[in-house]
């Protein structure tokens, strides 16, 4: 007994300590009904840490003097130091089903005052967010892993009921692998780049004031009011990004994160989907070709700044370069420490915002093939324009395309497998096409759901969308050899087809507005019928453009009439003998067909402004497109037709004006002996009605 009693007392003492050190969980939202949640509604939980751990976190985040040594502090943004996990499941009898894991994240609350954010105290600085996709009873508990010890909360539960709002959940890729679906029907993204708050190229040393974020939220609300349903937003270091000055320490950027919370909640309220870009390539430019020198890779003292007057003397450069002593931006993709820290950032981003049904797509990095490019900046006395690009590693160094593939494949795999995040399609972004021959097969990675690229060009023959149509058909038809790439480790096949949706994440011309917005209009009205899974998203005209944005409503209205998610859609294209009219169409096996007829004499040359300083003043088109015309279909040289529509089949054609939202004439037609259907389109009237839509149904 003399031996047993002390052991027993020690057991009681240890049990009491563990009881005090358990983790608590409280539902913070929806706070008014904390045991009942609606389907697809955010559940936000506060996780209470043991006091000793909480004090170490507080000391790290607030950089306060304390009795703790630096190695005793806990960085809550580093899961190797503080790993908080939330487990959710349902039950079928005693069996656990629909098991899901979420990660905790550090959170601070703010309130705006005089255009600034004031920090507000919170009882729960560790949060977790979860969106239930299935109704019924859900169980959950928290797990805290620290210093190889594991602490757990008790098991709690809530009930999920059908939603009272029109929230259909997360954007998914349709079964035909061409388009998206939302709920049980297709979703066709209609919108554009509204890239970030504030001015387009911002270079102050401070991040934006609160008023710019408010104005940005008003802008996306305006997009919704004009009929848009989708916009692209990029995390930039002067706005929403959480990591630039300090590696792996986001504590000084919790206000930026709070602003991003407000944006996501506004998008949720408006029913908008966000094309959510996770990293701007500008931070990997050396220096920025866009002269955003305070938010790029190098520091003031770096030799790449040949003209030191073009950079702030206090500029310390990107934290990955400085703290990891990386020699050039390409090492961001290859250095193991850099990849580890960036994965920590991805975990935080997805833990905090991956819950949201308003996020449509996660895009890894904008224009990744521009990473490492070096601008030649020169002070002209009126700013520091780039006088050219000194080096573009992706194009100049043979190894870089394969490095890009390896990094994008690894990051997408980390999101899908290690973070177990499959609620948002993952996209990649390029300017122009990736270097497939050079080894960048990122489009074909099994962890990449959505290939995209950015298209900036003009075309004297006005064949831009015809070429796009052919390019997308070729991508789908051809098999690509992957046997000599790292993808063979992920896919046992020797060759694969690109059976994925495809988007243009940016489109433009470089002309600005000198074409009276003709190129912008063509991108919105013609791109839906090229095989893209959403409207080609213009970069230009994203502010105060209600006279243009109203066309989103008419495109959206037309595309909603046809469910693109249910069967395979063949892309068709034809041009007339005159080369002045072209037809784009999507047709399924039942010969249901939607498309557009375009007057090519409506172009940047025939609509340009009469101004001396316009970029497009001296640019021309081919001779047969230099005069804006009214065109009728009854002339053989302007006739368009659809092929392979069936032998002597009868159809009804309904025409639609995408510039007014009005239905035009409807006609009944019959194919000829060769299965061709002539399209008797209404008159294409100059700039007033240069494009008409049509829908064809079999009788």
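The values are calculated or read from the model by the stated rules, or taken from the named source; none is laboratory data. A quick note: this is a predicted structure, and the numbers were derived from the prediction, not measured. Quick reminder, even Gly has a Cβ in these numbers, built from the backbone with ideal geometry, and neighbours come from all protein chains shown.
For this structure, a couple of remarks:
- When the range 59-94 is filtered for residues that are more than 24 Å from residue 339 (Cα to Cα) and either in contact (Cβ under 8 Å) with a residue 12 or more places away in the chain or outside the structural domain of residue 130 (by TED's automatic domain parsing) (or both), the ones remaining, listed by number, are 59, 62, 63, 68, 72, 86, 87, 88, 89, 90, 91.
- Selected residue (only one of 444, 430, 456 is surrounded by fewer than 20 Cβ atoms within 10 Å (Cβ to Cβ) and within 25 Å of residue 360 (Cα to Cα)): 456
- On inspection, residue 620 qualifies as in contact (Cβ under 8 Å) with a residue 12 or more places away in the chain, out of contact with any strand residue (DSSP E or B) (no Cβ under 9 Å at 6 or more places or on another chain), farther than 20 Å from residue 572 by Cα and loosely packed, with under 15 Cβ neighbours inside 10 Å.
- Matching residues in the range 268-290 - criterion: being farther than 29 Å from residue 385 by Cβ and surrounded by 24 or more Cβ atoms within 10 Å (Cβ to Cβ): 273, 274, 275, 276
- Cβ-Cβ under 6 Å pairs, at least 6 apart or on other chains, the range 360-372 side within 14 Å of residue 235 (Cβ to Cβ) and outside the structural domain of residue 229 (by TED's automatic domain parsing), far side at pLDDT 95 or above and part of a loop (DSSP other than H, G, I, E, B): none
- Counted residues, the range 145-173 - those being within 25 Å of residue 273 (Cβ to Cβ) and part of a strand (DSSP E or B): 4
- Looking across the range 475-505 at every residue that is part of a strand (DSSP E or B) and surrounded by 15 or more Cβ atoms within 10 Å (Cβ to Cβ), the one that is nearest to the chain's Cα centre (by Cα) is identified as 505.
- Looking across 309, 266, 291, one residue alone is part of a helix (DSSP H, G or I) and either more than 23 Å from the chain's Cα centre (by Cα) or not assigned by TED's automatic domain parsing to the domain that holds residue 537 (or both). It is 309.
- Of the residues 128, 142, the single one that is closer than 21 Å to residue 261 by Cα and either over 31 Å from the mean Cα position of the chain (by Cα) or outside any loop (DSSP other than H, G, I, E, B) (or both) is 128.
- So residue 499, is it more than 27 Å from residue 225 (Cα to Cα), in contact (Cβ under 8 Å) with a residue 60 or more places away in the chain and in the same structural domain as residue 272 (by TED's automatic domain parsing): yes
- Look at the range 218-231: where a residue is in contact (Cβ under 8 Å) with a residue 60 or more places away in the chain, no partner that is part of a strand (DSSP E or B) and surrounded by fewer than 18 Cβ atoms within 10 Å (Cβ to Cβ) sits 6+ places away or on another chain with Cβ atoms under 9 Å.
- If you check 415, 448, 436 for being under 28 Å from residue 180 (Cβ atoms), assigned to a helix (DSSP H, G or I), in contact with a strand residue (DSSP E or B) (Cβ under 9 Å, 6 or more places away or on another chain) and in contact (Cβ under 8 Å) with a residue 40 or more places away in the chain, only one passes: 415.
- Which listed residue is surrounded by fewer than 19 Cβ atoms within 10 Å (Cβ to Cβ) and either part of a loop (DSSP other than H, G, I, E, B) or at pLDDT 95 or above (or both), from 558, 568, 554: 568
- Residues considered: 409, 379, 454. Of these, the only one that is in contact (Cβ under 8 Å) with a residue 60 or more places away in the chain and in a strand (DSSP E or B) is 454.
- Failed condition for residue 697, given (1) crowded, with 16+ Cβ neighbours inside 10 Å; (2) assigned to a strand (DSSP E or B): (1)
- Count - residues of the range 184-197 that are more than 18 Å from residue 538 (Cβ to Cβ), modelled with pLDDT of 95 or more and assigned to a loop (DSSP other than H, G, I, E, B): 1
- Residue check, residue 645 surrounded by 14 or more Cβ atoms within 10 Å (Cβ to Cβ), over 24 Å from residue 523 (Cβ atoms) and under 40 Å from the mean Cα position of the chain (by Cα): yes
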